[in-house]
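One structure is given below, represented as structure tokens, and several questions about it will come after.
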Amino acid sequence: MVVGLGNPGADYENTRHNAGALFVEALARDAGQTLRPEKKYHGLYARIQWQGLDLHLLNPSTFMNRSGTAIKALADFFKIPPEQILVAHDELDLPPGTAKLKKGGGHGGHNGLRDTIAHLSTNDFQRLRLGIGHPGDSRKVTGYVLGRLGKQETEQLHAVFDEVMRVLPDAASGKLAAAMNRLHSFKPTP
């Protein structure tokens, strides 16, 4: 199961905070699919066959701080254990054009992760941390994450999406260390 965190609606399209949702949309496109509204999962959903993997894709249609509702609904319906869930999200602490895979850990102040941990009653799921950079001043964070991606940031994000898609089969098949080594050595183009 691959989940992309973001906020719903036109006001939030192509914002830095929606990096996770943008990744899941790109993954669906790569598989020749589109996400469709699914009320019982509180989000946009597609089931895809991709590079030998059977994947459930979900972008919650709840606001970021309520993401766990959608994730739990889909996981419960298909009996997907937390360790088989990958949550893609924006990461202030990484520069644009970079990504890191991580298993477990805290929420780091990210409200989407906080709600996911609360609903799953565990932090034992994988995360795809998509770098968006930091504005340099903590008082500017809200405006920054809700700001629209510029042309260069969009290109960097799509380049890192391509690299994530190259390592995702390894990550999904239990070769997380190999996937992490490759992804973490990826150098974005300036």
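So Glu83 ticks every box in (1) assigned to a helix (DSSP H, G or I); (2) touching a strand residue (DSSP E or B) at 6+ places or on another chain (Cβ under 8 Å); (3) free of Cβ contacts under 8 Å to residues at least 60 places away in the same chain; (4) under 20 Å from Glu25 (Cα atoms) but one. Which box is left unticked?
Only one criterion is unmet by Glu83, namely (4).
List the pairs whose first member sits in segment 59-73 and is without any contact (Cβ under 8 Å) to a residue 40 or more places away in the chain, whose second member is surrounded by fewer than 22 Cβ atoms within 10 Å (Cβ to Cβ) and assigned to a helix (DSSP H, G or I), and whose Cβ atoms are under 8 Å apart, counting only residues at least 6 apart or on separate chains?
Close Cβ pairs (under 8 Å, with a partner that is surrounded by fewer than 22 Cβ atoms within 10 Å (Cβ to Cβ) and assigned to a helix (DSSP H, G or I)) amount to Ala73/Lys40.
I would also like to ask the following. Taking into account only those residues within segment 23-64 that are of a type in the set (S, T, N, Q) and surrounded by 13 or more Cβ atoms within 10 Å (Cβ to Cβ), which is nearest to Val164 (Cα to Cα)?
That would be Gln51.
Which condition number in (1) crowded, with 19+ Cβ neighbours inside 10 Å; (2) modelled with pLDDT under 95 is the one that Asp93 fails?
Failing condition for Asp93: (1).
OK, next. Just one of Asn59, Asn18 is part of a strand (DSSP E or B), modelled with pLDDT of 95 or more, closer than 18 Å to His158 by Cβ and out of contact with any Cys (no Cβ under 8 Å at 6 or more places or on another chain); which is it?
Asn59
Condition check: in a strand (DSSP E or B), within 14 Å of the chain's Cα centre (by Cα), at pLDDT 95 or above and closer than 21 Å to Gly150 by Cβ. Does Ala88 satisfy that?
yes
For Arg29, indicate whether it is out of contact with any Lys or Arg (no Cβ under 9 Å at 6 or more places or on another chain), without any contact (Cβ under 8 Å) to a residue 12 or more places away in the chain and closer than 21 Å to Ala75 by Cβ.
When the stated conditions are applied, Arg29 does not pass them.
Looking at segment 168-190, which of the residues that are surrounded by 12 or more Cβ atoms within 10 Å (Cβ to Cβ) and of a type in the set (Lys, Arg) is nearest to Thr98 (Cα to Cα)?
By that ranking, first place goes to Arg182.
Restricting to segment 139-167, and then to whatever is touching a strand residue (DSSP E or B) at 6+ places or on another chain (Cβ under 8 Å) and assigned to a helix (DSSP H, G or I), can you tell me which residue is surrounded by the fewest Cβ atoms within 10 Å (Cβ to Cβ)?
Glu163
Would you confirm, using the coordinates I've provided, whether Phe125 is under 15 Å from the mean Cα position of the chain (by Cα) and crowded, with 16+ Cβ neighbours inside 10 Å?
So Phe125 fits the description; yes.
In segment 111-146, what residues are out of contact with any Phe, Trp or Tyr (no Cβ under 8 Å at 6 or more places or on another chain) and free of Cβ contacts under 8 Å to residues at least 24 places away in the same chain?
Listed by number, the residues that qualify are Ser121, Asn123, Gly136, Asp137, Ser138, Arg139, Lys140, Thr142, Gly143.
The values are calculated or read from the model by the stated rules, or taken from the named source; none is laboratory data. Worth saying up front: this structure is predicted, and the values here are computed from it rather than measured. Cβ sites come from the backbone with ideal geometry, for glycine too, and all protein chains shown count toward neighbours.
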